[in-house]
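Have a look at the structure below before the remarks.
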Amino acid sequence: MTSQFDGMAALHERSIDELPFRRHIEMPSVLAAAGGVEGRRVLDLGCGSGLYARFFARNGAAGVLGVDRSPGLIAHARHREEVEPLGVRYLVHDEATTDTLTGAFDLAVSVYALSYAATPAALARLCAAARATLAPGGRFVAATLNPDFATVPHYYRPYGFDLTVADPHLCDGDPVGLHARADGESFQVTAYYWSREAHERALTEAGFTDVAWQSPRTAADGSASLFARYLAAPHVLAVSARVPGDSSLR
């Protein structure tokens, strides 16, 4: 099982500091969209090197499982757990096939995974897989490429990365290049554009209700003014949805 992220564990780790919007905007936004994680059983779909899995554990989750299809990223995450034990478990597992995890979680989180779905069918499979993992009343939160991100060349360069598109008039499934640098090393990955309607269709067809888009949040550290340009057109938004049914933890 391979992915475009194999061999990128160290870069993934450093991105939290080299790309400061992640710490100051992305992480607070995901946590706010989730309504907190304390006491919840949390699944991190496409967990990468475990950045968010560790974040959830430190914020009081009752248990955290991180899954990713990249063996290299999971090996790194497991090594971090050995060095700093937080009780997080990790599995090499295709996040689009979660049949063995059915109904086991109160909260499933996907950071960027939806944006790497290359086809409508792949997007639908990811949403359906997330739905299958959740108990009644559970919540799914995805940090995904903002359908209204800025297509002006180099708009995001002040924040450490660029997004490139062949045509600013984007259609569902169009590729979007992400170019960034971390600790002197450059990396590039390909994401895919999906409209709000495409996201919402995939989520509702998977059986979710209460689909809602969240405005970006900033950390309570006075950094908002540093990100004014970014916040005018953030490249990522959080979208949340719920599984029908009752749960004491929503």
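Along the charge dipole of segment 20-177, Cβ charges K/R +1 and D/E -1, which of F140, A150, G60 sits furthest on the positive end?
Value: G60.
Taking the Cα centre of the chain as origin and charging only Cβ (+1 Lys, Arg; -1 Asp, Glu), how large is the dipole, in debye to the nearest 20? If you can, show how the numbers build up before the last one.
Details: 22 positive and 28 negative charges, 93 e Å.
The dipole magnitude comes to about 440 debye.
So what's the projected area for the chain, the Cα convex hull averaged over all directions, in nm²?
On the way: hull surface 49.6 nm².
Taking a quarter of the hull surface, the average projection is 12.4 nm².
Can you compute the helix-only [θ] at 222 nm over the chain? Use -39500 (n - 2.57) per DSSP H run of at least 4 residues, normalise by all residues, nearest 500 deg cm²/dmol.
Taken over the chain, the calculation gives -8000 deg cm²/dmol.
Can you give me the relative contact order of segment 1-146 as a percent, contacts being Cα pairs under 8 Å and 6 or more apart? Don't skip to the answer; put the middle values down first.
On the way: 264 pairs, mean separation 35.6, N = 146.
Computed over segment 1-146, the figure is 24 percent.
Any idea what the dipole of segment 1-135 comes to, in debye rounded to 20, about its Cα centre with Lys/Arg Cβ at +1 and Asp/Glu Cβ at -1?
On the way: 13 positive and 15 negative charges, 40 e Å.
The calculated dipole for segment 1-135 is roughly 180 debye.
Where the accessible area of segment 69-150 is counted over protein heavy atoms with a 1.4 Å probe, how much of it, in %, is carbon and sulfur?
On the way: 1800 of 3150 Å².
Ligands and nucleic acids excluded, carbon and sulfur give 57 percent.
Under the 0.36 nm per residue contour assumption, what length would be gained going from the current alpha-carbon distance of T190 and A212 to full extension?
Values: separation 22, 0.36 × 22 = 7.92 nm, distance 2.56 nm.
Extending this stretch completely gives an extra 5.4 nm.
Antiparallel as a % of all DSSP beta bridges within the chain, to the nearest 5?
Working: 23 of 43 bridges.
In the chain, approximately 55 percent of DSSP beta bridges are antiparallel ones.
Any chance you could tell me what percent of the C-alpha pair distances in segment 72-177 go past 15 Å? List each step's numbers first, then the result.
Numbers: 4018 of 5565 pairs.
The proportion of pairs with Cα distances above 15 Å equals 72 percent.
Counting only heavy atoms of protein chains, what accessible area per residue, in Å², does the chain have with a probe of 1.4 Å? All intermediate terms of the calculation are to be shown ahead of the outcome.
On the way: 10730 Å² over 250 residues.
Normalised by residue count, the accessible surface of the chain is 43 Å².
Rounded to the nearest 20 Debye, what is the dipole magnitude of segment 156-220 about its Cα centre when Lys and Arg each give +1 and Asp and Glu each give -1 at the C-beta?
Values: 5 positive and 10 negative charges, 51 e Å.
Roughly 240 debye for segment 156-220.
Gap in Å between the Cα centre of segment 106-171 and the Cα centre of segment 81-96?
Answer, in whole Å: 22.
Compute the Kirkwood hydrodynamic radius of segment 116-176, taking the inverse of the mean of 1/r over all pairs of distinct Cα atoms, and give it in Å to one decimal.
Working: mean 1/r = 0.0715 Å⁻¹.
That comes to 14.0 Å for segment 116-176.
How much net charge surrounds T151 when only other residues with a Cβ under 12 Å from its Cβ are counted (Lys, Arg +1; Asp, Glu -1)? Spell out each step's value before the answer.
Values: positive: none; negative: D148, D162, D167, D174.
Local charge sum for T151: -4.
How many nm is it between the label spots at L231 and T102, if each spot is 7 Å from the Cα in line with the beta carbon?
4.5
Just name one of A166, A220, S240: the one whose Cα is farthest towards the positive end of the charge dipole of the chain (beta-carbon charges, Lys/Arg +1, Asp/Glu -1).
Projecting each Cα onto the dipole axis, the largest value belongs to A220.
Hey, what's the Kirkwood Rh for segment 22-75 if you take every pair of different alpha carbons, in angstrom? Each step should come with its number before you reach the end.
Numbers: mean 1/r = 0.0878 Å⁻¹.
Over segment 22-75, the inverse of the mean reciprocal pair distance is 11.4 Å.
Using a 10 Å cut-off on Cβ atoms, rank the peptides 84-90, 137-143, 28-34, 40-46 from the highest mean neighbour count down. Could you put the intermediate results ahead of the total?
Working: 84-90: 15.0, 137-143: 24.1, 28-34: 20.9, 40-46: 26.1.
Taking the mean over residues of other Cβ atoms within 10 Å, the ranking is 40-46, 137-143, 28-34, 84-90.
Over the chain, what relative contact order in percent results from Cα pairs under 8 Å that are six or more residues apart? Before the final figure, lay out each step's value.
Details: 527 pairs, mean separation 56.6, N = 250.
After rounding, I find 23 percent.
The values are calculated or read from the model by the stated rules, or taken from the named source; none is laboratory data. Source: prediction; values computed, not measured. All Cβ positions, glycine included, derive from the backbone under ideal geometry; neighbour counts span all protein chains shown. For the accessible areas, the whole protein counts, side chains as well, though only heavy atoms, and no ligand, DNA or RNA atoms are used. Shrake-Rupley method; radii C 1.70, N 1.55, O 1.52, S 1.80 Å.
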